[in-house]
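The values are calculated or read from the model by the stated rules, or taken from the named source; none is laboratory data. Because the structure is predicted, anything quoted here is derived from the model rather than measured. Ideal geometry is used to build each Cβ from the backbone, glycine not excepted, and the neighbour counts take in all protein chains shown. Just the protein is used for accessible areas: all its heavy atoms, side chains included, with ligands, DNA and RNA removed. Shrake-Rupley method; radii C 1.70, N 1.55, O 1.52, S 1.80 Å.
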Amino acid sequence: MENITNPIIEKLSKAQPMLWINPNLTAAKDALSRLDITRSDTADAEARLERFAPYIMLKFPQTAASGGLIESPLTETPAMLWRLRHEYGAPIGGTLYVKRDCDLPISGSIKARGGIYEVLKHAETLAINAGLLKESDNYAVLAEERFTKFFSQYSVQVASTGNLGLSIGVMSAALGFRTTVHMSADAREWKKALLRQKGVTVIEYPSDYSAAVERGRAASAADPMSYFVDDENSVDLFMGYSVAAVRLKAQLDAAGVTIDAQHPLFVYIPCGVGGGPGGVAFGLKTIFGDNAHVFFVEPTLAPCMVLGMATGLDNKICVQDIGLSGKTEADGLAVGRASGFVGKVMRNILSGEVTVEDAKLFDYMRSLIESEGLFAEPSACAAFAGPVGLYTYEEGKAYMRAHGLNMKNAVHIAWTTGGSLVPEYEREKYAKTHL
């Protein structure tokens, strides 16, 4: 395999935790001008979610307080910041917030953004094309039996390590679609059980995520009434995720938090195939430009996005090509091959990537519970390796110097991507896990 002698690859192949700084990062204006997607695409997604708000509020009463918007809290976490400084040896400047996508309504993870959005867009398109719905209608009508009956003619399929399957499954089943989730071996049993409870067909595979995608894609292609949500290549998923940045801006404004050249924003997002973190990163760059510095975090045993980006091979290389198993306790991040689409979009946008050992995920999880009383699943707690890595690796210190940043005023956001639906017995098991 070409580029295999790249020193970054040597580190990755040994499963060494590391920080990679993207050498292709350019000014946000230039980077965004090269893309086929724009901020107006995010605005279109935002408007669609607002149209669906009356339906969502009706079907999922837990969203009533937010008027049918699926959104998570932004919480300042000074006690966790103290822990990262004093127990993990990272002299982090500024403030630390947690963006609690672990507590997103309906499916309890970041996938509630992109996954649910794509299902809603598909439903809207079918209903409008059939003459059953107009954009000017009150979308609460979608809860009526005539729509459920209409959607039951169609099926939705997706491949997942867990959380995307939950978001697609729950919303598709609510609308009336026949739904199939193709689950890789890494998926947790409780996630499969919850989906089956909702009337979703779960097909299990003994292999990894990429194989589940291939099988799911083929099964969907064989059925003319089926729609496949393609986590590797979907622009709709990506745009649904990007709306998060608009909502975050409103939350920062409401909290009186300024983001500018003197108050830089650092965001750390756990990464699997790349769609969720990629969409959020794109949205952040369109809003905050060069004042936003976005880092992805991946497990050392499945660092597919950094592998693809560091080699320039994107989805033409997988972690198994460099001798890694791709098997990790971070089930939501257990992906061997990254999205080629996301890798290309991130080429000039992403600041860098941190990789983290599985054992640390449980340490960060316990620290978050003990310091702030907040729970996020271990894969979501990978986010905290971001600021720790930035301040402890030489590459991170060099990055801050090179950008001439006023880190005393920095705003750090750890994006905890999932966890609220984790059963209590699983939480107890996580709490006792020491690798």
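Confirm whether Gly283 is part of a helix (DSSP H, G or I) and under 30 Å from Lys432 (Cα atoms).
Working: part of a helix (DSSP H, G or I): yes; under 30 Å from Lys432 (Cα atoms): no.
No; evaluated as a whole, the condition is false for this residue.
Using the structure shown, decide if Ile8 is open to solvent by less than 60 Å² (accessible area, probe 1.4 Å), touching a strand residue (DSSP E or B) at 6+ places or on another chain (Cβ under 8 Å), at pLDDT 95 or above and of a type in the set (Val, Ile, Thr).
no
Within region 250-286, can you find the residues that are without any contact (Cβ under 8 Å) to a residue 60 or more places away in the chain and under 25 Å from Ala385 (Cβ atoms)?
The one that is without any contact (Cβ under 8 Å) to a residue 60 or more places away in the chain and under 25 Å from Ala385 (Cβ atoms): Leu284.
Condition first: within 12 Å of Ala127 (Cβ to Cβ) and open to solvent by 50 Å² or more (accessible area, probe 1.4 Å). Now tell me which residues in region 138-147 satisfy that.
Glu144, Arg146
I'm checking my understanding of the structure. Among residues of region 405-435 that are open to solvent by 30 Å² or more (accessible area, probe 1.4 Å) and assigned to a helix (DSSP H, G or I), which one is farthest from Ile110 (Cα to Cα)?
Lys408
What residue, of Asp230, Asp260, Asp208, is farther than 18 Å from Thr416 by Cβ, modelled with pLDDT of 95 or more and open to solvent by 20 Å² or more (accessible area, probe 1.4 Å)?
Asp260
Working only within region 365-388, note down all residues that are open to solvent by 10 Å² or more (accessible area, probe 1.4 Å), out of contact with any Ser or Thr (no Cβ under 8 Å at 6 or more places or on another chain) and part of a helix (DSSP H, G or I). Before you say what the answer is, go through the steps one by one.
Here is the first cut: in region 365-388, the residues open to solvent by 10 Å² or more (accessible area, probe 1.4 Å) are 366, 369-375, 388.
Checking the rest, the ones that are also out of contact with any Ser or Thr (no Cβ under 8 Å at 6 or more places or on another chain) come to 366, 369-370, 373, 388.
Those that are open to solvent by 10 Å² or more (accessible area, probe 1.4 Å), out of contact with any Ser or Thr (no Cβ under 8 Å at 6 or more places or on another chain) and part of a helix (DSSP H, G or I): Arg366, Ile369, Glu370, Val388.
I'm checking my understanding of the structure. Among residues of region 18-42 that are touching a strand residue (DSSP E or B) at 6+ places or on another chain (Cβ under 7 Å) and either of a type in the set (S, T, N, Q) or open to solvent by less than 40 Å² (accessible area, probe 1.4 Å) (or both), which one is farthest from Met400 (Cα to Cα)?
Among them, the one singled out is Met18.
For region 296-315, what are the residues that are in a strand (DSSP E or B) and touching a Gly at 6+ places or on another chain (Cβ under 7 Å)?
Scanning region 296-315 gives a single hit, Val297.
Name the residues in region 73-122 that are basic (Lys, Arg) and crowded, with 19+ Cβ neighbours inside 10 Å, would you? Before you say what the answer is, go through the steps one by one.
Step one: list which residues in region 73-122 are basic (Lys, Arg), which gives 83, 85, 99-100, 111, 113, 121.
Scanning region 73-122 gives Arg83, Lys99, Arg100, Lys111, Arg113, Lys121.
Among the numbered criteria (1) assigned to a loop (DSSP other than H, G, I, E, B); (2) touching a residue at least 40 places away in the same chain (Cβ under 8 Å), which single criterion is violated by Leu132?
Failing condition for Leu132: (2).
I'm trying to understand the selection: among the residues of region 62-116, which are closer than 18 Å to Gly279 by Cβ and acidic (Asp, Glu)?
Hits for region 62-116 are Glu71, Asp101.
Checking the condition of a type in the set (A, V, I, L, M, F, W, C) and farther than 13 Å from Leu120 by Cβ, which residue from Val156, Val181, Val170 passes?
Of Val156, Val181, Val170, the one residue that is of a type in the set (A, V, I, L, M, F, W, C) and farther than 13 Å from Leu120 by Cβ is Val181.
For region 211-227, which positions are part of a helix (DSSP H, G or I) and either modelled with pLDDT of 95 or more or not small (Gly, Ala, Ser) (or both)?
Our first condition is that a residue be part of a helix (DSSP H, G or I); within region 211-227, this holds for 211-221.
Residues satisfying the conditions are Val213, Glu214, Arg215, Arg217.
Yes/no matrix, rows are residues, columns are (1) assigned to a loop (DSSP other than H, G, I, E, B); (2) surrounded by fewer than 18 Cβ atoms within 10 Å (Cβ to Cβ); (3) among the hydroxyl-bearing types (Ser, Thr, Tyr):
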site: Gln320; (1), (2), (3): no, yes, no
site: Leu324; (1), (2), (3): yes, no, no
site: Thr328; (1), (2), (3): yes, no, yes
site: Gly332; (1), (2), (3): no, no, no
site: Arg337; (1), (2), (3): yes, no, no
site: Gly343; (1), (2), (3): no, no, no
site: Ile349; (1), (2), (3): yes, no, no
site: Glu353; (1), (2), (3): no, no, no
site: Lys360; (1), (2), (3): no, no, no
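Could you please find all residues in region 82-119 being charged (D, E, K, R) and either under 30 Å from Tyr55 (Cβ atoms) or without any contact (Cβ under 8 Å) to a residue 12 or more places away in the chain (or both)?
Hits for region 82-119 are Arg85, Lys99, Arg100, Asp101, Asp103, Lys111, Arg113, Glu118.
Yes or no: Ala159 touching a Phe, Trp or Tyr at 6+ places or on another chain (Cβ under 9 Å) and outside any helix (DSSP H, G or I)? Give the derivation first.
Details: touching a Phe, Trp or Tyr at 6+ places or on another chain (Cβ under 9 Å): yes; outside any helix (DSSP H, G or I): yes.
Yes; evaluated as a whole, the condition is true for this residue.
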